[in-house]
1. With a probe of 1.4 Å, find how much accessible area the chain has per residue, and write the answer as a whole number in Å².
2. Identify the residues of the range 145-159 with backbone N under 20 Å of a label point that sits 7 angstrom from the Cα of residue 114 along the Cα-to-Cβ direction, or state none.
3. Summarise the accessible area of the range 1-109 (1.4 Å probe, protein heavy atoms) by the percent that is carbon and sulfur.
4. Can you run the Rg to Rh ratio on the range 15-136? Use alpha carbon positions and the Kirkwood inverse-distance Rh.
5. Check residue 83: other-chain or 5+ apart residues with amide H under 5 Å from its amide H, H built from backbone geometry?
6. With each pseudo-label sitting 7 Å past Cα toward Cβ, what's the residue 96-residue 13 distance in nm, one decimal?
7. I'd like the carbon and sulfur percentage of the solvent accessible area for the range 114-204, probe radius 1.4 Å, heavy atoms only, ligands and nucleic acids excluded.
8. Let me know the shape class of the range 67-182, please: from the alpha-carbon gyration tensor, a ≥ b ≥ c as square roots of the eigenvalues, rounded when a/c is under 1.5, otherwise prolate if a/b is greater than b/c, or oblate.
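The values are calculated or read from the model by the stated rules, or taken from the named source; none is laboratory data. Fair warning: this is a prediction, and the values are worked out from it, not measured in the lab. Every residue, glycine among them, receives a Cβ derived from its backbone with ideal geometry; neighbour counts consider all protein chains shown. Please note that ligands, DNA and RNA were not included when accessible areas were found on the heavy atoms of the full protein model with its side chains. Shrake-Rupley method; radii C 1.70, N 1.55, O 1.52, S 1.80 Å.
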Amino acid sequence: MNWWDLVGWAGSAVLVWSLLQSRILRLRALNLVGCVVLIGYNAAIEVWPMVGLNIVLAVINIWYLRGMLATRHDEQTYQVVEVGVGDQFLAHTLRIHAPDIARFNPDFHWDPTASDRSAFLVVTADEVVGVVLSHAEARGVAQIDLDYVTPKFRDFTPGEFVYRRSRLFTERGFHRVVSPPGMVAPYYHRLGFRPQGDSYVLDLPASPATDSA
């Protein structure tokens, strides 16, 4: 086996590996890498139909990657929907993702009967991409109980639409948001939160209602 064969096998391995990814952005990126490697390999051994096929696949991957990256912070693509804390669809979402939720939020416990609870779903079209659950603490502090992103969208930060864009906390009189303690692989540093103990804290701007009071 010569080194060109190794290149071909490596490209095929990356292509197969990409199809095993649950994260859509990672799937497209790895698939693109595999296609580029196989374009070079098949061009070197002059298998032109495979060159053409992989060029087409690479263009498709670039098209989808461009769209995903261009809309990852777009409020028209990702929207926040408030639901009741006892909502049946919310309960269903928490139930089917329970093992994955426990993996990243081992201390999570949700009591929908408790007072001062809020529940938000981050959606794209009719697909749920994230869940944010919170309750009110003293002195205008919103404590996040769960900030969960479904595996498919885990390379994105849909929570930003709850914390920064939707004003769902400031309009309720909160001036600070505290992330769940003990959360595995938190991403809050990308949203302007500052570390505090084993959590992250975001100081919110005053709402227009507060300013005019």
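1. Ligands and nucleic acids excluded, the figure is 55 Å² per residue.
2. Flagged as within label range: 145-149.
3. Values: 4680 of 7050 Å².
C and S fraction of accessible area: 66 percent.
4. Working: Rg = 20.6 Å, Rh = 17.6 Å.
Taking Rg over the Kirkwood Rh, I get 1.17.
5. 119, 120, 121
6. Reported label-point gap for residue 96 and residue 13 is 3.5 nm.
7. On the way: 1780 of 3750 Å².
Accessible surface attributable to carbon and sulfur in the range 114-204 totals 48 percent.
8. Values: a/c = 1.60, a/b = 1.19, b/c = 1.35.
Note, shape of the range 67-182 comes out oblate.
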